[in-house]
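Laboratory data are not the source of any read-out in this text; all were calculated from the coordinates shown. None of the values given here were measured: they were computed from a predicted structure. Cβ placement follows ideal geometry from the backbone for every residue including glycine, while neighbour counts extend to all protein chains displayed.
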């Protein structure tokens, strides 16, 4: 991974064989990023996406171990307690140009991944919602310990 900072924006290249979530975690810890928007694209050969079932409070995951174009990555970075919290979605397509998307759990890059992170001023934490089972935005101005 390599990156450059321009004002409040980071331009990030994630390289072949690297895993997107791990590299974003590394960047956020190194640069002390606690609130940001993410957008990007690229190519991957291992992707795990999920669809959340609110009634069951669980993710149904699907694994793709094939060459895939990443047509869109978008999401956000917030904090849950003192830990960086990634909420990222992805749309990928296979060799037949069939598109699949969902919550991004894993993504290993096969070619490159080009990301833009826009850092925002302020704090947004996460709090667990018992009704949905999700970790929702917490605007109380403090981080919630988990």
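General observations
- Rounded, prolate or oblate (a/c below 1.5 giving rounded, otherwise prolate when a/b exceeds b/c) for the chain by Cα gyration tensor: oblate
- Structure-based [θ]222 nm, the chain - -39500 (n - 2.57) summed over DSSP H runs of at least 4, per residue, nearest 500: -2500 deg cm²/dmol
- Note on residue 105 and residue 29: the model spin-label points, each 7 Å out from Cα along the C-beta direction, lie 2.2 nm apart.
- Relative contact order for the chain, counting Cα pairs under 8 Å that sit 6 or more residues apart, in percent: 31 percent
- Residues of region 22-49 with amide N under 16 Å of a point placed 7 Å along Cα→Cβ from residue 71: 40-44
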